[in-house]
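One structure below.
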Amino acid sequence: MPAFTPTELAERLGSGLLSFPVTHFTRDLAFDEPTYRENIIRLGQYEIAGLFAAGGTGEFFSLTPPEVGAVVRAAVGSAPEDTPILAPAGHGTAQAVATARDAEAAGADGLLLFPPYLTEASADGLAAHVRAVCESTSLGVVLYSRANAVYTSDTVATLADTCPNLIGFKDGVGDLEEITRIHARLGDRLVYIGGLPTAETFALPYLELGVTTYSSAIFNFLPEFALTFYNAVRAGDRTKVRRLLDAVVLPYTEIRDRKAGYAVSIVKAGMDLTGQPAGPVRPPLTDLDDPERELLAGVIEASRAAIA
């Protein structure tokens, strides 16, 4: 049985910062399980409300189904008992259902449902996709709205009525009007999670819309900074938030935006530069070059000064 019921999981996720741990690879791009486990133990020592194993920053899209299972089991086996581990489910509906069932068997506490692979779908088709996954497991399910799976307020409201274990909505689109509609209709029925790349950039305005938490990729290699930033957001300390944005987050996003896929690559580079190497990214992603790593090293140094 999972350590958290769906209701308990929703409450926990909304109470603090979330993060997507990277997936560690060896130089030949095999899953480096021992080092990954060490990193989960390290991250679990901080005040974190949940970890998304094999998620977007964890390169879910490049992992085979057996590898996803191995990553999830490693995270479950290494995280503190009170740290929820959410597993990914995605690709086609049949594979998403199989992954969801395997995650429950592995001891995960919840699921993050990624978009279906490649194909576009109607609102009815997306709803059927979500229902199939929710009905296949007793775990709490968080919808990830982005790319080719953008959920409208009507669809989310219908799913919330028919899927008791649908507990959350993670926004990766940035449509403030739609997230406002969803929150206005559903209120506390769901937990709302910011999911845009480098979510810190949007954290303050999202808080006004009922989005109480977000998934921080920066937490992987700058956990103290990430928590300082999150606490400033929750405290409504706009002056501090803007100072940290100017000093660290915005320069960081300038490096991230240099090449497609760098939202993941920059995190792996940051891990290496802070003495927590996680190996390279898998193709089709590419690693930062040396000049970009030097720029990132400057951002890391600025982050330490900013919270000193």
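Quick notes
- Cβ crowding within 10 Å averaged over residues, with 190-197, 231-238 ranked highest first: 190-197, 231-238
- Across segment 273-287, coupling constants 3J(HN,Hα) worked out from phi with the 6.51/-1.76/1.60 Karplus curve, θ = phi - 60°, read 6, 9, x, 10, x, 10, x, x, 7, 8, x, x, 6, 10, 7 Hz, and Gly and Pro carry x.
- The dipole here belongs to segment 1-116: it is taken about the Cα centre, uses +1 on the Cβ of Lys and Arg and -1 on the Cβ of Asp and Glu, and is about 160 debye.
- Split the accessible area of the chain by element, probe 1.4 Å, and carbon with sulfur accounts for 52%.
- Among beta bridges from DSSP that stay inside the chain, the antiparallel ones total about 10%.
- Probe 1.4 Å, accessible area per residue of the chain, Å²: 41 Å²
- Ordered from highest to lowest accessible area with the whole protein assembly present and a 1.4 Å probe, 170, 259, 240 read as 259, 240, 170.
- Computed with a 1.4 Å probe over protein heavy atoms only, the accessible area of residue 97 comes to about 20 Å².
- Efficiency of FRET between residue 188 and residue 122 - r from beta-carbon atoms, R0 41 angstrom, step 0.05: 0.90
- Taking all protein chains together and rolling a 1.4 Å probe, residue 292 ends up with roughly 10 Å² accessible.
- Segment 88-146-segment 234-282 distance, computed between alpha-carbon centres (Å): 28 Å
- Compactness check for segment 193-254: Cα Rg over 2.2 N^0.38 Å is 0.98.
- For Rg/Rh (Cα atoms, Kirkwood Rh), calculated from these coordinates, the label among [x] 1.05; [y] 0.94; [z] 1.28: [y]
- Dipole moment magnitude, nearest 20 debye, segment 262-308 about Cα centre, only Lys, Arg, Asp, Glu C-beta charged: 220 debye
- For residue 4, neighbours were defined as the other residues whose beta-carbon sits under 12 Å from its Cβ, and their charges (Lys and Arg +1, Asp and Glu -1) total -4.
- Length released on extending from residue 5 to residue 238, taking residue separation times 0.36 nm less the Cα-Cα span: 80.4 nm
The values are calculated or read from the model by the stated rules, or taken from the named source; none is laboratory data. This one's a predicted model, so the numbers in the text were calculated from it and none came from an experiment. We place every Cβ from the backbone using ideal geometry, glycine too, and count neighbours over all the protein chains shown. Surface accessibility is based on the protein's heavy atoms, side chains included, excluding ligands, DNA and RNA. Shrake-Rupley method; radii C 1.70, N 1.55, O 1.52, S 1.80 Å.
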